[in-house]
Amino acid sequence: SPTGYMHIGNLRTAIFEYLLAKKYNGSFILRIEDTDQTREVEGAIDFIYKTLELCGFSIDEGPNNDKGYGPYIQSERKDIYQAYAKQLVEEGLAYPCFCSEEELERIRESQEGEDIKGYYGEYAACRKLSFEEISSKILAGEKWTLRLKSPGSIDKKCVFEDMIKGKIEMPENVQDIVLLKSDGIPTYHFASVIDDHLMRTTHIVRGDEWISSCPIHLQLNKLLGFKTPKFVHVAPIMKAEGEGKRKLSKRKDPEAAVTYYSEQGYPSESVNEYMMTLANSNFEDWRRANKTEDINKFPFNIKKMSVSGALFDIAKLDDISKTVISVMDCKKVFELSHEWAKEYCEPLARLYEADFEYATAILNIDRGNKKPRKDIAKWSDIPDYISYMYDETFSPDY
């Protein structure tokens, strides 16, 4: 979703999806879910492409690689969603709602003390409108949304299997959720269920904050005659705080943003390696036994994913990154750090460009040995690491 820049949780989920697709010879799909256009951030879509490319993910299907199930941008699929919306109206499973924000707020206020709050049952005012009332309101130019006429019951449960968390039982959805907004654009729930069916999605990997939406998605799939894909709900990344831990926060923690790793100069290989330690508990043992093997060869297993949130440890990332950089040849270290310096550290770029050969020779010191030095965790460490090798940056301390 381009409603903000990618954070580390998005990237981790993408890695899991990619490995899952590759393990079963499937397709890794990029779908741009831009139905919430009021919150769309300029440049966010380009950043998604750039991040996936930097991390070495090849997109099997997506906006730039249409395999016949496109368009892969939701805002270009409006006619498709409206066709399914008409089908639900014809079957008596959807209806127009003319309630204003003020009326919806009054309904919410009247539900104080109720176990279930929302637009449902006796509180669904427009559910009872006759065809003549609906017709006259539309002809009079009143704004409306299209709502689901939920057949759910307060007394019934829905049961589904999550590939990480196992069997989950929840109350059925009784809410008459909005399917199409007043501008004819679908909501996330409606669009994603339709797209998952039409794009032949088999597995949905997403954060476990979406578990609460499962009753809605199960109900929509059933009403539309679709087979529900398999759910894989991933626990959030946690951070230690005092004696406890909390969810990694975009507002509080700079390391939550993917941009942080680019700015600091962590190679994508380092971030990918670290993410794999959060994915499967046996990855580190596999890496020790397969030091030079491609990460995609790791036998990724959903069953070995943590049910509770994995703890983020920047010191461990640094340690892994030092190992990754230590086995790179000097030419690769120079090229990657030079690319980084051109964008984030002009003084280092100038030192490099004054004498490419000299800079490469410095970076080659103690490299290629059986036990190479592990001084560099990220490219932003290099200015200090090489400072005494240049007159411009050497500071004598007697």
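The values are calculated or read from the model by the stated rules, or taken from the named source; none is laboratory data. Fair warning: this is a prediction, and the values are worked out from it, not measured in the lab. When we count neighbours, we look across all protein chains shown, and the Cβ atoms used for this are built from the backbone with ideal geometry, even at glycine. Side chains included, ligands, DNA and RNA excluded: accessible areas come from the protein's heavy atoms. Shrake-Rupley method; radii C 1.70, N 1.55, O 1.52, S 1.80 Å.
So what's the projected area for the range 297-398, the Cα convex hull averaged over all directions, in nm²?
In nm², the orientation-averaged hull projection of the range 297-398 is 9.8.
Solvent-accessible area per residue for the chain at a 1.4 Å probe radius, Å²?
Here the residues of the chain average 55 Å² of exposed surface.
For n ≥ 4 DSSP H runs only, could you compute -39500 (n - 2.57) per run for the chain, divide by its residues and tell me the 222 nm figure to the nearest 500? Walk me through the numbers before you get to the answer.
On the way: 15 runs with 156 residues, N = 398.
Helix contribution divided over all residues of the chain: -11500 deg cm²/dmol.
Any idea what angle helix 268-279 forms with the longest principal axis of the chain, computed on alpha-carbon atoms, 0 to 90 degrees, nearest 10?
Taking Cα atoms only, the helix is inclined about 60 degrees.
Please work out how much accessible surface ASP397 shows to a 1.4 Å probe, ignoring ligands, DNA and RNA, in Å² rounded to 10.
150 Å²
Out of the DSSP beta bridges found with both residues in the chain, what percent are antiparallel (nearest 5)?
70 percent
Carbon-plus-sulfur fraction of the accessible area of the range 136-289, 1.4 Å probe, in percent?
Reported share for carbon and sulfur atoms: 51 percent.
Please report, in Å, the Rg and the Dmax of the chain, where both are computed over Cα atoms only.
Cα radius of gyration and Dmax of the chain are 26.1, 93 Å respectively.
Filter the cross-link list LYS239/LYS316; LYS50/LYS378; LYS78/LYS137; LYS245/LYS316; LYS117/LYS143; LYS50/LYS322 down to pairs whose alpha-carbon distance in this structure exceeds 22 Å. List each step's numbers first, then the result.
Numbers: LYS239/LYS316 13 Å; LYS50/LYS378 19 Å; LYS78/LYS137 24 Å; LYS245/LYS316 17 Å; LYS117/LYS143 24 Å; LYS50/LYS322 24 Å.
The answer is LYS78/LYS137; LYS117/LYS143; LYS50/LYS322.
Between helix 44-54 and the chain, what is the angle of the helix's C-alpha long axis to the longest principal axis, kept within 0 to 90° and rounded to the nearest 10?
The two axes meet at around 40 degrees.
How far is helix 214-224 tilted, in degrees, relative to the longest principal axis of the Cα atoms in the chain, given as a value from 0 to 90 rounded to the nearest 10?
For helix 214-224, the angle is close to 60 degrees.
Quick check on the range 150-289: of the DSSP beta bridges with both residues there, what percent are antiparallel, nearest 5%?
65 percent
Within the set of other residues whose C-beta is less than 10 Å from the C-beta of ILE365, count the net charge using Lys and Arg as +1 and Asp and Glu as -1.
Value of the local net charge: 0.
Could you tell me which of THR393, PHE298, ILE45 has its Cα farthest along the dipole of the chain towards the positive end, charges placed at Cβ (Lys, Arg +1; Asp, Glu -1), taken about the Cα centre?
The one lying farthest along the dipole's positive direction is PHE298.
Kindly provide the Kirkwood hydrodynamic radius of the range 229-309 in Å, to one decimal, from all pairs of distinct alpha carbon atoms.
In the range 229-309 this quantity evaluates to 14.7 Å.
Roughly speaking, what is the centre-to-centre gap between the range 1-60 and the range 234-266 when only Cα atoms are used, to the nearest Å?
So the two Cα centres are separated by 18 Å.
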